[in-house]
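A.B. asks: Submitted below is the structure of interest, expressed as structure tokens.
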Amino acid sequence: MSQPNTPETTPKASTGQAKTGIVLGLLASLFAGGLVLLYALTGGGEIQLAGPTQTPPAAAERQPTEPTTPAADFATGAELAALEAQLAEAQARIDTLSAQSGSFADTLARIDGLEADVAAAKAAADAAASQAAEVTQRYTELTTDYAKLGAQFTPEGVLIRLDETVIAFAPGTAELPADADTALAEIAGFLSRHPGQRALLRGHTDATGRAETNVSLSEQRATAVRAALVALGVAAERLGVEGVGAAEPISDNTSAAGRSRNRRVDILLRPADLTAG
């Protein structure tokens, strides 16, 4: 019988197969070592390969805790800085408003002060205007009364003359005639309406007789007029008296008519205080 042809394994073929196995083993060892090295370099992270993803057993079992990253810390710091800037801006606005509020209060106080000054000035102006109107009215009344009494304006003052047509003194006497009351009542009324007025009563005589006697007689005539005015209500302290004698004649002493005119009492009014009550 013939035997089947069985390929013979030659020693040469076995040697080639052994070399191939050794080479493959070395390559596998090198690959595994490279994986371990790469895993160590990446800090245990996943290793991405060109082929199927392979996770080392140690990496599969390890679950590391993710640390806070610098980017997160930077974001938190930036937000805090932004909030601090906003707070500073708000504080600056508050300070500005506070300063403006104080300035506004000062302005209001000044306005109130100015309004008070204006009100005071207006009140003073009104008072002055009222006083001026009152003085004008008194002056008008005074000049009207002067005209009624026949007063004259002289360098010495306002003169009201009580000559023989008003008070006719008999020669050598200081006795007032009976009809003198009417004229003296008008004088008393004038002085009552104008309390700021004062009067000097100056008595006169004609040139008959001695000069010393005439001075005394003229003073007595002035005193008689003063007593009559006081009796009519005029305060005595408002009336002064003076005896002039025959020193100031207003007419010729050579005639009876002239001498009659010289026997008189002049009322010299002092400058009026129109602002008095």
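Since every read-out is calculated from the coordinates, none of them should be taken as a lab result. All of these numbers come straight from a predicted model, not from anything done at the bench. A quick note on method: Cβ atoms are made from the backbone with ideal geometry, for glycine too, and the neighbour counts reach across all protein chains shown.
A.B. asks: May I ask you to order 169-175, 254-260, 157-163, 197-203 by the average number of other C-beta atoms within 10 Å around their residues, highest value first?
C.D. replies: Per-residue Cβ counts within 10 Å, averaged per peptide and sorted highest first, yield 197-203, 157-163, 169-175, 254-260.
A.B. asks: Full-extension gain between residue 154 and residue 211, please, as 0.36 nm times their residue separation minus the C-alpha to C-alpha distance.
C.D. replies: Here the answer is 17.9 nm.
A.B. asks: Given a Förster distance of 25 angstrom, what is the FRET efficiency for residue 80 paired with residue 100, based on the Cβ-Cβ distance and rounded to 0.05?
C.D. replies: Step by step, r from the Cβ atoms, then E = 0.25.
A.B. asks: Note the direction-averaged projected area, equal to a quarter of the hull surface, for the Cα convex hull of the range 150-269, in nm².
C.D. replies: Taking a quarter of the hull surface, the average projection is 6.9 nm².
A.B. asks: Before anything else, pin down the relative contact order of the range 150-269: Cα pairs under 8 Å, at least 6 apart, normalised by residue count, whole percent.
C.D. replies: 38 percent
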